[in-house]
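Colleague: First, the structure itself, so that you have it in front of you.
The values are calculated or read from the model by the stated rules, or taken from the named source; none is laboratory data. From a predicted model like this one, the values you see are computed outputs, not experimental measurements. Using ideal geometry, Cβ is built from the backbone for each residue, glycine included, and neighbour counts are taken over all protein chains shown.
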């Protein structure tokens, strides 16, 4: 079974938690799109009704419109019942790194508004510590961005300015830049997040901590459903 098939399994499995009448968050990425397509299929069949969805990016919004999925905004529905989204890396605490697709700011806004945040991944995204497999995407304003590079390097990061596939400077939906920061295994993600949060010019970062409630993992042996431990 290839990676695409595993992603499809995870994305479609998560849709079983969607119920008629819900406000949904639609995540960005190659795994979440399978969930979006499944939702569209169930709507066409009439097995799902009266849902409205908040897309996490302009790309997702366009896909949803093509699939005739009813859309709304966070202004109209500030509380979201359930969001299905992907991730780049997931640790044993179900904290994650997101932002490989460049939509991390909107994704985090939607996640923070969600009662339930379900992450769908294939098992290659599991790691013992965040930063082991993936750089941390950090969204910065273009004004004075070299100062952010210096700050991030002082925190121990190897910084790369993200470019689009055509070699041009990558811009987010908010027209900001992304700096992909390789820290290696991060011993204290909460401490690093606090250091990033306090810095003017850093809009947001791809450390999604204490936000995920469920992780659906597809692997060769089947589906795992991991749940955050609450104390």
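Colleague: Within the group 28, 59, which residue is buried (at least 24 other Cβ atoms within 10 Å of the Cβ) and either under 14 Å from residue 215 (Cβ atoms) or not assigned by TED's automatic domain parsing to the domain that holds residue 162 (or both)? Break it down stepwise before answering.
Modeller: Numbers: 59 fails: buried (at least 24 other Cβ atoms within 10 Å of the Cβ).
Criteria check complete, one pass: 28.
Colleague: Please pick out the residue among 230, 221 that is closer than 18 Å to residue 126 by Cβ, modelled with pLDDT under 95 and surrounded by fewer than 14 Cβ atoms within 10 Å (Cβ to Cβ). It would help to see each step written out before you state the result.
Modeller: Details: 230 fails: closer than 18 Å to residue 126 by Cβ.
After ruling out the rest, the residue left standing is 221.
Colleague: Still on this structure: Can you tell me which residues in region 105-120 are farther than 19 Å from residue 7 by Cβ and touching a strand residue (DSSP E or B) at 6+ places or on another chain (Cβ under 9 Å)? Let's see the steps before the verdict.
Modeller: At the first step, the residues of region 105-120 found to be farther than 19 Å from residue 7 by Cβ are 105-106, 108-116.
Those that are farther than 19 Å from residue 7 by Cβ and touching a strand residue (DSSP E or B) at 6+ places or on another chain (Cβ under 9 Å): 105, 106, 108, 109, 110, 111, 113, 114, 115, 116.
Colleague: Just for strands (runs of 3 or more DSSP E) wholly inside region 100-193: which have at least 3 residues that are touching a residue at least 12 places away in the same chain (Cβ under 8 Å) and under 17 Å from the mean Cα position of the chain (by Cα)?
Modeller: Working: elements: 114-122, 136-140, 158-161, 177-182.
The qualifying strands (runs of 3 or more DSSP E) are 114-122, 136-140, 177-182.
Colleague: Kindly indicate the residue of region 31-42 that is over 13 Å from the mean Cα position of the chain (by Cα) and surrounded by 21 or more Cβ atoms within 10 Å (Cβ to Cβ) and also farthest from residue 10 (Cα to Cα) among those meeting that condition.
Modeller: First, pick out the residues of region 31-42 that are over 13 Å from the mean Cα position of the chain (by Cα): 34-42.
Retained after the next criterion (residues that are surrounded by 21 or more Cβ atoms within 10 Å (Cβ to Cβ)): 34-36, 39.
On the way: 34: 8, 35: 8, 36: 12, 39: 13 Å.
Result: 39.
Colleague: Next question, about the same structure. Of all residues in region 5-23, count the ones that are touching a helix residue (DSSP H, G or I) at 6+ places or on another chain (Cβ under 9 Å) and more than 15 Å from residue 214 (Cα to Cα).
Modeller: The qualifying residues number 4.
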